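Single-structure report; data block below.
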């Protein structure tokens, strides 16, 4: 392909690209132009809808209904406002639309965008004014239908209230006069509504309908709640008050202090509140009346719980009154006896400072408890507090007494254990001496050729420990801790001697029996004889364990299993 051909193809590509760009730009421009054209059309349509046929039609209806000065004033005002919209606001919008169309034709799209946005806001503002005016006009033109529908519902509701009242008229005895007067007022309002509708006094009709609605609504509440208010205020609460007064008088005679309940004051306030509720009921104001009366009833019901609580508290107080005095007196006697014995105890036993001091602490606590008890009893006699308070005080005091009692019992156990430990130590001294004596007798009863050396060492240690134990028992005061250590040491050493004696005698007996048993094999086997000779030598030197081992090993050469057999014979 020649150079000329390449140039030609390049030129064609360039021309094609330029054409493509022009086409795309034209399409984008056309699309944007159509968008603005549609927006302008919408603005034109919205302008034409600002003052629609409906507003003119409704205004003409009002013109036919005018029969008084107030209605004429409203009509003139609406005409003026409509004229302002038609002759001032709409022309401004028209001028703005013309300007926008001119800018559109000039293709000044940058300015066009802001102008369209401003006009949209202006049209929306004027349209709102027009719609608001239409709503005001329709309040008059549609009022007859709307008000008739409302009055029909109110009459139905009114008949229901009236029927309920007449069917249960006896329940409204004390408030029948103001209720019936209100019924008359409702009837008058219904009549006034009909007159206003006939005379086209639509400005007054709305006020009358609202008055009827409010009055019937109040009557409905009164008719529903008045029986409850009357029965609570005239029957339930007065009966409760009389019953509470009787119970209060009786309990106070029995010694109860009920001042903290403020019963008289609260009864007076309740009666004032009931009087106020009845005063409001006479003018058919029952707001919160049922709630307030139920609150009063709940208060008096709660008093029964308080009375029961006081009765239970009195029984609890009387139980504590007896039990605390008895227990405190008993503890005081024990504490005094213990204090008198302290000198002897301190002489007999090496007591710590805490063990001595705890007696004084307990005695002081008992004195404080008795003082508190007397204070509470004095308050009871003078009726200073209610039994609920007194029983609580007694409960706290009883808890203190229980802690002191536990402390005293623990001290008695601790001091009692001193004597028990001393007594037990003396008994164990005799027992240990007997064990040591038995050990020595056992050693003598079996005539051993030689007594093992460790026997004398252990015997000496055990005897020394017994002396130390006896000396500790003779000391004054005795240190129980040291004494217990001496007892443990003496017991352990004595048992060691006893076990050594028992083991030595047992081993010696078995060795001797083995040698005697093996003598039958002396002539048969020289090795057996040699082993038995070693056993005899060890036996006479006091090495009983070595003697037993040599004898068994020798016999085992001719009679395997001899140890088991000898052991069985020995145990048999």
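Laboratory data are not the source of any read-out in this text; all were calculated from the coordinates shown. Remember, predicted model here, so these are calculated numbers, not experimental data. Cβ: placed from backbone, ideal geometry, glycine included. Neighbour counts: every protein chain shown.
Label-point separation (nm) for residue 485 and residue 164, each offset 7 Å from Cα along Cα-to-Cβ?
Between residue 485 and residue 164, the simple spin-label model gives 9.6 nm.
Roughly how many Å is it from the Cα centre of region 488-524 to that of region 257-300, as a whole number?
Taking the Cα centre of each part, region 488-524 and region 257-300 sit 105 Å apart.
Residues of region 211-242 with backbone nitrogen within less than 17 Å of a virtual label 7 Å along the Cα-to-Cβ line of residue 280, please, listed as ranges.
218-234
Of 380, 166, how do they rank once you tally other Cβ atoms within 10 Å and put the fewest first? Walk me through the intermediate numbers first.
Working: 380 20, 166 10.
Ranked by crowding around the Cβ, least crowded first: 166, 380.
State whether region 177-246 is rounded, prolate or oblate according to the following rule on the C-alpha gyration tensor (a ≥ b ≥ c being the square roots of its eigenvalues): a/c under 1.5 gives rounded; otherwise a/b larger than b/c gives prolate, and the remaining case gives oblate.
Prolate, because a/c is 1.5 or more and a/b exceeds b/c.
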